[in-house]
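Down below is the structure, laid out as structure tokens.
Bear in mind that the values in this text are calculations on the coordinates, not laboratory data. Bear in mind that the values here come from a model prediction, so they are computed numbers and not experimental data. Glycine gets a Cβ as well: all are built from the backbone with ideal geometry, and neighbour counts include every protein chain shown.
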Amino acid sequence: MASTTFSGPVTSTNGFIGALTGNITGNIAGTGSITHTPTAINATATATAAQVATGYITSTSVGTVTITLPTGTLLGAALSATRGTIFDLYVDNTAGASVVTVAVATNGILSSGAADTPGSFGDLTIAAGATGLARFTIMFSSATAYVFTRTA
């Protein structure tokens, strides 16, 4: 199969086969799945922009862990973000034995849902065990600032 590079929109009536590489913007629709390569963070730390850019963080710690996200400037650069960029981050604590909490850094702002209703969709803690999965959405208001909330 040949490799082709496009600079504009691509449409297929029969779907796409193969791996996608590079930056993807816009909507992805269809019947398949996206597989992330996980990054492990098993102690309280500030995640690097590269770790967050994988889109999937795991923790298997027996102790409480706080993962602080990188600054808006670092994360924006890693994701080539501009105003309107939306990025989903998954945190998997199903193999952990204690709670994981996610925090924001400079130029990271908690959404009103995260700030006003921490017991519901704004909850920034992830339980250990079978229910220890969370999806967070990072929405950029500029190339160097983001709004952060839990969405699942």
| Any idea how far the Cα center of segment 47-65 sits from the one of segment 67-103, in Å? | 8 Å
| message | Quick check: pseudo-label points 7 Å beyond the Cα along Cα→Cβ at residue 109 and residue 49, how many nm apart are they? | response | 2.0 nm
| task | Multiply the residue separation of residue 151 and residue 98 by 0.36 nm, subtract the distance between their alpha-carbon atoms, and state the gained length in nm to one decimal. | result | 17.0 nm
| Pulled fully out, how much extra length does the chain show between residue 68 and residue 82, if you take 0.36 nm times their separation in residues and subtract their Cα-Cα distance? | 2.9 nm
| remark: Within segment 39-150, the percent of DSSP beta bridges that are antiparallel, given to the nearest 5, stands at 50 percent
| message | Need one number: nm distance between label points at residue 131 and residue 42, each 7 Å from Cα along Cα→Cβ, rounded to one decimal. | response | 2.6 nm
| remark: A correct fewest-to-most ranking of 140, 148 by other Cβ atoms within 10 Å would be 140, 148
